[in-house]
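Engineer: My questions will all concern the structure given below.
None of the figures in this text is laboratory data; all of them are computed from the coordinates on show. Just so it is clear, the structure is predicted and the values come from calculations on it, not from any experiment. Methodologically, a virtual Cβ is constructed for each residue, glycine included, from the backbone with ideal geometry; neighbour enumeration extends over all protein chains shown.
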Amino acid sequence: MASTADLTRRQLLTAGAAGLAIAPLSALGFDLHEAKKAQQRFRIAGAKEVHSVCPYCAVGCSLIAYTKEDGGKTQLLQIEGDPDSPVNEGTLCPKGATSMQLAVSARRVEKPLYRAPGTAQWQEKDWDFVLDKLAANIKATRDNTFVAQDASGNVVNRTEGMAFAGGAAFSSEEGYFATKLMRSLGTVYIEQQARV
Ligand code: SF4
């Protein structure tokens, strides 16, 4: 192994960084885990605890949402797993751990966006516009792709030009309703994705 005298400056820095990465943090006088917990306690001090359930999948992990009143508005401070839940015992999967983003993400799209055919720009539209557009497109697609009989003459009455995918935030009732609606349109390609 090369002595320190033989090391280039770059090798010395690399060796130093590797050594720091594997050294116990307590050896440096820090306990980051405790510091993180203290920071969280400070953040939610005096907050109201609201119990809820993760909306993403059928595991049904329990959540605690911490809220605070601020100038007449309810502010969501943090969401974490409920340690008293026999289902998740305080843990959350990576998706559930981001559930706060459902409410507070700066990147959340809050208004319908529409991109006209052949264009690259998204435009903000109101709900009346997008619902009418959706209904018109569904009707046109169904009219154009409806199959009353298959090649063997069997009556099938199906719409082959559309597919439907449910999402993880669906409740059982929404999933039931969506399936009924799609079946009534003759849609045969129906799928449910619990992890989207
Ligand atoms: S998405 Fe993750 S945190 Fe949410 S209920 Fe399912 S397993 Fe639990």
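Engineer: First measure r as the distance between the Cβ atoms of Leu102 and Arg142, then evaluate 1/(1 + (r/R0)^6) with R0 = 35 Å and state the FRET efficiency to the nearest 0.05. Don't jump to the answer; show the numbers that get you there.
Structural biologist: Numbers: r = 32 Å, r/R0 = 0.93.
Working from the Cβ atoms, E equals 0.60.
Engineer: Could you pull out the GluC sites (Glu not before Pro) across segment 65-96 that fall in loop regions by DSSP (anything but H, G, I, E, B) with no more than 15 other Cβ atoms inside 10 Å?
Structural biologist: On the way: sites: Glu69, Glu80, Glu89; in loops: Glu89.
Answer by residue number: Glu89.
Engineer: Could you line up Ser52, Ser62, Ser171 from fewest to most neighbouring Cβ atoms inside 10 Å? Mind dumping the intermediate values first?
Structural biologist: Details: Ser52 13, Ser62 20, Ser171 9.
The fewest-first ordering by Cβ neighbours comes to Ser171, Ser52, Ser62.
Engineer: Return the tail of the calculated pair distribution for segment 45-108, meaning the percent of Cα-Cα pairs more than 18 Å apart. Mind showing how you got there, number by number?
Structural biologist: Numbers: 723 of 2016 pairs.
Value for segment 45-108 (Cα pairs over 18 Å): 36 percent.
Engineer: Can you check what the net charge comes to around Gly90, using other residues whose Cβ is under 10 Å from the Cβ of Gly90 (Lys, Arg +1; Asp, Glu -1)? All intermediate terms of the calculation are to be shown ahead of the outcome.
Structural biologist: Values: positive: none; negative: Glu80, Asp82, Asp84, Glu89.
Surrounding charge for Gly90 is -4.
Engineer: Right, something else. Using 0.36 nm per residue of separation minus the Cα-Cα distance, give me the extension gain between Lys180 and Lys133 in nm, one decimal.
Structural biologist: Here the segment from Lys180 to Lys133 would lengthen by 14.8 nm.
Engineer: Calculate the FRET efficiency for Asp84 and Ser171 from the Cβ-Cβ distance with a Förster distance of 25 Å, rounded to the nearest 0.05. Don't skip to the answer; put the middle values down first.
Structural biologist: Working: r = 24 Å, r/R0 = 0.94.
It comes to 0.60.
Engineer: While we're looking at this one, here's another question. Can you sort Thr187, Thr74, Thr67 by how many other beta carbons sit within 10 Å, fewest first?
Structural biologist: Numbers: Thr187 20, Thr74 11, Thr67 16.
By the 10 Å Cβ count, ascending: Thr74, Thr67, Thr187.
Engineer: Name all residues of segment 82-115 having a backbone nitrogen under 19 Å from the label point set 7 Å from the Cα of His51 along its Cα→Cβ direction, giving them as ranges.
Structural biologist: 82-92
Engineer: Next up: If you line up the Cα atoms of segment 84-196 on their principal axes, what length do they span on each, largest first, in Å?
Structural biologist: Computed over segment 84-196, the largest-to-smallest principal extents equal 59, 40, 21 Å.
Engineer: A further question on this structure: Evaluate E = 1/(1 + (r/R0)^6) for Gln75 and Gln192, where r is the Cβ-Cβ distance and R0 equals 25 Å; express this FRET efficiency to the nearest 0.05. Provide the component values of the computation, followed by the final result.
Structural biologist: Details: r = 34 Å, r/R0 = 1.36.
Efficiency, from the Cβ-Cβ distance: 0.15.
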